[in-house]
Amino acid sequence: MDAGSVNSTVSTAMALQQHNQNQDVQTNLLRKSLDSQASQMSQLMSSLETQPALATTGSVGTQINTYA
């Protein structure tokens, strides 16, 4: 093997290592962003009012919930 081939191989290995590190950073950033969005959505959904239950007596509102 000549020195150029070794240098090329080392250079390629270093570039791949840097690329993998960049991907790890991007993956962690995406994961944190998705976790943050999930937390915000969970808070938003829990803050919504629940729909009223169907009426239990009378002739109106005992079969179909028409709440909109």
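In table form, for the structure just shown:
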{"read-out": "Tilt relative to the chain, helix 3-47 - C-alpha long axis, 0 to 90 degrees, to 10", "value": "10"}
{"read-out": "Matching label, percent of Cα pairs over 19 Å apart computed from the structure shown, candidates (1) 40; (2) 44; (3) 68", "value": "(3)"}
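None of the figures in this text is laboratory data; all of them are computed from the coordinates on show. Just so it is clear, the structure is predicted and the values come from calculations on it, not from any experiment.
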